[in-house]
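Q: Quick one: the structure is below, and I'll ask about it shortly.
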Amino acid sequence: MISNMKNWIVACLVVLLFFIARSSFGQAIPEHVSNDAIYEFLDELASEKVISIHSAIKPYTKQFISEKLLEAQQADSLLNKRQKKEIAFYLKAYQVWDGKYDNPYKDEKVNLLNKYSDNAAISLTHTGFVYRDSNFAAVAKPIWGTRYRTNDNGSLTHFWGGAEASATIGKHIGVWASVRDNTVSEILNWPGNFTRQDGGNYKIGLDGQNSGDYSETRGGISLGWKWGHVSLSKDHVQWGDNQHGPNIIDSRAPSFAMVKLHLKPVDWFEFDYLHGWLVSEVVDSTLSYVSQYGEDRQVFRPKNIASNMFTLHPWKYTSFSVGNSIVYSDMGGAHPAYLIPFLFYKSIDHTLNHTIQNQNSQLFLNVSIRNIKHLHLYGSMFVDEFKKDRVGNDTLHNFFSYKGGLRLQNWPIPNVSIGYEFTHTYPITYKHRIQATTYATNNYGLGHYLLDNSQEHYISLTIKPISRLRLKASYWLAFHGNEYAYDGGDRDIDAKPVLQDKTWQNKTFLLSASYEILQNVYFKLIYENTNIKGFDVDGQDAQYYLDMYTPAYYQGNQQTISFQFNIGF
């Protein structure tokens with residue numbers, strides 16, 4: 001019965017989208033969230049009031065980026081010399097996705113390694129093979145990178161390599177795929193570690209070594225029209241404005257499969273939805289078995305997330321967003337009710353689970369204000385559990401995380417920006433009593449990287465003296481309070497003291513220089529001065545907390561120098 005309902009829902013959606021697509025146009029291929037340079041540049045242009053963007057939901061599509069770069073190029077009088085050069089640089093790469101279907105190679109000579117025809121070439125601009133005609137556009141390129149770190153604890157290496165390809169077919173279909181293998185000499189991001197390093201599902205090294213490797217495959221297919229798109233993909237997302245990690249949905253965890261929907265039927269409103277298939281890593285003993293060769297076959301319990309965000313733009317440079325999500329399991333797979341994009345999922349949960357343990361639901365808020373030229377003000381809130389009886393009660397607290405920040409760009413000094421961000425998260429936020437419905441995938445949290453009962457101050461100074469060169473200094477002070485278990489047996493869980501004792505603290509000063517040699521080809525030099533320590537709290541010694549939250553390589557007072565070169569991300 002449930003399976004038939006799912007089939008009818010999918011069929012109805014396909015028919016509806018078919019008729020929408022026939023009367024409009026549009027394509028949608030995402031630009032991965034790891035491309036910091038283009039995202040920071042668009043943010044800068046938005047703060048200058050050259051363009052307007054909704055920066056709380058990422059990734060943007062390549063088509064959207066192309067549109068905004070063209071829009072900025074037309075505002076020539078509002079741009080300085082460095083900005084004009086960067087727009088010209090990025091447009092060369094993104095013009096293949098602008099939907100105009102003109103010939104981009106007639107006059108291009110310097111950046112072509114080999115021109116096969118007026119439609120096909122190997123291009124330095126795209127760092128790979130490019131083809132475009134009136135019905136089909138495609139880019140295929142290699143991925144390769146290396147990072148070398150050294151400090152008093154020794155030297156570490158990280159190598160990655162693979163390939164990626166993207167294509168548009170006709171006026172509505174976009175497809176993309178990528179694969180990269182990663183090899184690290186020491187794993188720096190286990191689940192539960194307090195680090196901004198990307199996580200992976202590692203194959204552990206032999207003989208007890210802390211080395212490992214993991215593979216990350218991303219890709220998808222989308223159907224786009226003038227005011228929206230829908231996609232089936234395995235990818236990363238970020239929800240929530242931020243400078244040092246969002247507190248709504250972060251991209252540190254391994255990518256997961258999802259259906260996404262984006263709608264913007266009018267200038268003052270847009271809507272985003274995703275339904276994802278997470279990895280619980282909770283073994284289902286009833287489905288697990290021993291193979292004929294005596295090997296254990298472990299089957300994980302299914303785990304899903306449904307999430308939406310409604311955004312109003314009352315003024316051109318102001319956005320207010322509100323949304324909700326639910327992480328659910330033990331429903332026989334994806335449930336039809338959570339495939340409806342526009343609903344309040346906690347209310348559905350109360351209907352479906354009236355006499356059993358509820359699922360894990362959340363609320364989101366985000367505000368972004370760019371009405372004052374050069375200045376971006378923003379804030380976001382993640383609400384895990386809220387009861388009005390706790391408001392105004394000094395001994396009780398709700399479970400939420402809030403973030404606020406500002407970024408001042410190109411004033412009073414051109415090509416210089418300064419930023420500040422504050423994040424505070426109350427105890428138990430992001431935790432759940434049921435292991436199969438935690439706010440995580442592959443055991444990596446989907447929320448803020450410091451998890452619950454934590455606080456962080458972050459400041460940064462960025463200088464862009466010439467096009468494509470970024471010099472950045474940043475400092476953050478982060479600490480985590482007492483670690484509380486959420487096992488359902490503690491009736492006073494909402495009375496746990498907030499940041500009463502420090503268990504862990506991180507003071508980091510970072511200097512980095514990054515130059516984009518060609519499109520998505522970088523050389524980076526990074527210096528980190530880190531002081532990360534634990535404390536003797538709650539019957540555990542300092543080393544216990546250090547080992548829990550920080551890899552051994554970065555423990556204590558360390559000065560680390562890194563060199564990185566990469567082609568693609």
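The values are calculated or read from the model by the stated rules, or taken from the named source; none is laboratory data. As the structure is a computational prediction, the values presented were derived from the model and not from experiment. Here the Cβ is made from the backbone with ideal geometry for all residues, glycine too, and neighbour counts use every protein chain on show. Ligands, DNA and RNA are stripped out before the accessible areas are found, and what is left, the full protein with its side chains, is counted by its heavy atoms. Shrake-Rupley method; radii C 1.70, N 1.55, O 1.52, S 1.80 Å.
Q: Tyr426: under 24 Å from Thr503 (Cα atoms) and under 26 Å from the mean Cα position of the chain (by Cα), yes or no?
A: In short, yes.
Q: Of these, Leu451, Leu518, which one is of a type in the set (A, V, I, L, M, F, W, C), open to solvent by less than 70 Å² (accessible area, probe 1.4 Å) and in contact with a strand residue (DSSP E or B) (Cβ under 8 Å, 6 or more places away or on another chain)?
A: Sole residue among the options that is of a type in the set (A, V, I, L, M, F, W, C), open to solvent by less than 70 Å² (accessible area, probe 1.4 Å) and in contact with a strand residue (DSSP E or B) (Cβ under 8 Å, 6 or more places away or on another chain): Leu451.
Q: Test Asn442 against the stated conditions and say whether it is open to solvent by less than 50 Å² (accessible area, probe 1.4 Å), out of contact with any Ser or Thr (no Cβ under 8 Å at 6 or more places or on another chain) and farther than 20 Å from Thr195 by Cβ.
A: Values: open to solvent by less than 50 Å² (accessible area, probe 1.4 Å): yes; out of contact with any Ser or Thr (no Cβ under 8 Å at 6 or more places or on another chain): yes; farther than 20 Å from Thr195 by Cβ: no.
So Asn442 fails the test.
Q: Next up: Any idea which residue in the range 251-306 is farthest from His54 (Cα to Cα), counting only those that are under 20 Å from the mean Cα position of the chain (by Cα) and of a type in the set (S, T, N, Q)?
A: Initial filter on the range 251-306 (under 20 Å from the mean Cα position of the chain (by Cα)): 251-263, 270-280, 303-306.
After this cut, where a residue has to be of a type in the set (S, T, N, Q) as well, the list is 251, 255, 280, 304.
Numbers: Ser251: 18, Ser255: 22, Ser280: 31, Asn304: 26 Å.
The extreme case among them is Ser280.
Q: On to the next question. Report yes if some residue within the range 469-487 is modelled with pLDDT under 95 and either touching a Phe, Trp or Tyr at 6+ places or on another chain (Cβ under 8 Å) or not hydroxyl-bearing (Ser, Thr, Tyr) (or both); otherwise report no.
A: Within the range 469-487, one or more residues are modelled with pLDDT under 95 and either touching a Phe, Trp or Tyr at 6+ places or on another chain (Cβ under 8 Å) or not hydroxyl-bearing (Ser, Thr, Tyr) (or both).
Q: Quick one: would you say Thr530 is without any contact (Cβ under 8 Å) to a residue 40 or more places away in the chain, buried (at least 18 other Cβ atoms within 10 Å of the Cβ) and under 26 Å from the mean Cα position of the chain (by Cα)? Break it down into steps so the answer makes sense when it comes.
A: Numbers: without any contact (Cβ under 8 Å) to a residue 40 or more places away in the chain: yes; buried (at least 18 other Cβ atoms within 10 Å of the Cβ): yes; under 26 Å from the mean Cα position of the chain (by Cα): yes.
It is true that Thr530 is without any contact (Cβ under 8 Å) to a residue 40 or more places away in the chain, buried (at least 18 other Cβ atoms within 10 Å of the Cβ) and under 26 Å from the mean Cα position of the chain (by Cα).
Q: Looking only at residues that are polar (S, T, N, Q) and either open to solvent by 50 Å² or more (accessible area, probe 1.4 Å) or modelled with pLDDT of 95 or more (or both) in the range 244-289, which one is farthest from Ser460 (Cα to Cα)?
A: So in the range 244-289, the residues polar (S, T, N, Q) come out as 247, 251, 255, 280, 285-286, 288.
If we keep only those that are either open to solvent by 50 Å² or more (accessible area, probe 1.4 Å) or modelled with pLDDT of 95 or more (or both) as well, we get 247, 251, 255, 280, 285-286.
Numbers: Asn247: 19, Ser251: 21, Ser255: 28, Ser280: 36, Ser285: 49, Thr286: 51 Å.
Only one residue fits best here, namely Thr286.
Q: Shifting gears a bit: Looking at Phe344, Phe400 in this structure, which one is closer than 27 Å to His262 by Cα, surrounded by fewer than 18 Cβ atoms within 10 Å (Cβ to Cβ) and not hydroxyl-bearing (Ser, Thr, Tyr)?
A: Details: Phe400 fails: surrounded by fewer than 18 Cβ atoms within 10 Å (Cβ to Cβ).
Matching residue, one of Phe344, Phe400: Phe344.
Q: Six or more apart or on different chains, Cβ atoms under 6 Å: show the pairs whose first residue is in the range 441-460 and within 17 Å of Gln362 (Cα to Cα) and whose second is hydroxyl-bearing (Ser, Thr, Tyr) and open to solvent by 10 Å² or more (accessible area, probe 1.4 Å).
A: Cβ pairs passing all conditions: Gly445/Tyr430; Gly447/Tyr430; Leu451/Tyr430; Asp452/Tyr430.
Q: Right, another one. Trp190 - would you say it is in a loop (DSSP other than H, G, I, E, B), within 30 Å of Leu510 (Cβ to Cβ) and open to solvent by 40 Å² or more (accessible area, probe 1.4 Å)? Steps first, please.
A: Numbers: in a loop (DSSP other than H, G, I, E, B): yes; within 30 Å of Leu510 (Cβ to Cβ): yes; open to solvent by 40 Å² or more (accessible area, probe 1.4 Å): yes.
Yes: the conditions hold for Trp190.
Q: Has the range 300-309 got any residue that is among the β-branched types (Val, Ile, Thr) and closer than 13 Å to Asn366 by Cβ? Steps first, please.
A: Residues of the range 300-309 among the β-branched types (Val, Ile, Thr): 305.
If we keep only those that are closer than 13 Å to Asn366 by Cβ too, we end up with none.
Looking through the range 300-309, none of the residues is among the β-branched types (Val, Ile, Thr) and closer than 13 Å to Asn366 by Cβ.
Q: Could you tell me how many of the residues in the range 283-299 are over 29 Å from Leu363 (Cα atoms), among the aliphatic types (A, V, I, L, M) and not in a loop (DSSP other than H, G, I, E, B)?
A: 1
Q: Now, a different point. Restricting attention to the range 353-392, which residues are open to solvent by 40 Å² or more (accessible area, probe 1.4 Å), modelled with pLDDT of 90 or more and closer than 27 Å to Thr438 by Cβ?
A: Leu363, Leu365, Met381, Glu385, Phe386, Lys387, Lys388, Val391
Q: Follow-up question, since we're still on this one. In the range 403-414, is there at least one residue being surrounded by 15 or more Cβ atoms within 10 Å (Cβ to Cβ), under 30 Å from Glu44 (Cα atoms) and charged (D, E, K, R)?
A: Going residue by residue through the range 403-414, those that are surrounded by 15 or more Cβ atoms within 10 Å (Cβ to Cβ) are 403-411.
With the extra rule that they be under 30 Å from Glu44 (Cα atoms), the set shrinks to 403-411.
If we keep only those that are charged (D, E, K, R) too, we end up with 403, 407.
Checked against the condition, which is being surrounded by 15 or more Cβ atoms within 10 Å (Cβ to Cβ), under 30 Å from Glu44 (Cα atoms) and charged (D, E, K, R), the range 403-414 yields at least one hit.
Q: Separate question: For Ser417, are the conditions met, namely being in contact (Cβ under 8 Å) with a residue 40 or more places away in the chain and crowded, with 21+ Cβ neighbours inside 10 Å?
A: On the way: in contact (Cβ under 8 Å) with a residue 40 or more places away in the chain: yes; crowded, with 21+ Cβ neighbours inside 10 Å: yes.
Taking the combined requirement at face value, the residue satisfies it.
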